[in-house]
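As structure tokens, the structure follows; a few thoughts come after it.
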Amino acid sequence: KILIVDDDAMVAEAMAAIVEDEGLVDRASNGKAALEMLASKYYAVIITDIDMPVMDGLEFYSEAVKRFPSVKGRFLFFSGIIDGERREFLRNNGLRYLRKPSSLNEIKKAVTGILGG
């Protein structure tokens, strides 16, 4: 299963279409909703935006790893803005990220990289 976390329904839908060959896809519109989903389901890949209402992607990641440590290597951040502070957070935590927009091949390669371990 793949979880896509993005407050933009069109982006989430497009991302789901791109990765649906890799597994079943669920969607959440913010980090808080995604955390609730992680509590009841296993996701092999978690693709999340950073800028979202309620709980942003970085807060979501931090809380998810605190509650479910095994999810750490399964995140892919997909965001339009990856500035110095965000880039530093992502790099310091060894996280994968892509900038919006990215090519279909880049997205698929990143997802298969996570699935491949």
Regarding region 50-67, can at least one residue be identified that is of a type in the set (S, T, N, Q) and either crowded, with 16+ Cβ neighbours inside 10 Å or under 22 Å from Pro101 (Cα atoms) (or both)? no
Residues that are touching a Gly at 6+ places or on another chain (Cβ under 6 Å), at pLDDT 95 or above and of a type in the set (Asp, Glu), at least 2 per element: which helices (runs of 4 or more DSSP H) completely within region 38-117 meet that? none
Criterion (open to solvent by 60 Å² or more (accessible area, probe 1.4 Å), touching a Leu at 6+ places or on another chain (Cβ under 7 Å) and touching a residue at least 60 places away in the same chain (Cβ under 8 Å)) met by exactly one of Glu22, Glu106: Glu22
Residue pairs meeting the criteria (Cβ under 7 Å; at least 6 apart or on separate chains; first without any contact (Cβ under 8 Å) to a residue 24 or more places away in the chain, in region 73-90; second surrounded by 21 or more Cβ atoms within 10 Å (Cβ to Cβ)): Leu90/Phe77
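The values are calculated or read from the model by the stated rules, or taken from the named source; none is laboratory data. The structure displayed is predicted, hence computed values, not measured ones. In this analysis, Cβ positions are derived from the backbone assuming ideal geometry, glycine residues included, and neighbour counts consider all displayed protein chains. In case anyone asks, the SASA skips ligands and DNA or RNA and just uses the protein heavy atoms, side chains included. Shrake-Rupley method; radii C 1.70, N 1.55, O 1.52, S 1.80 Å.
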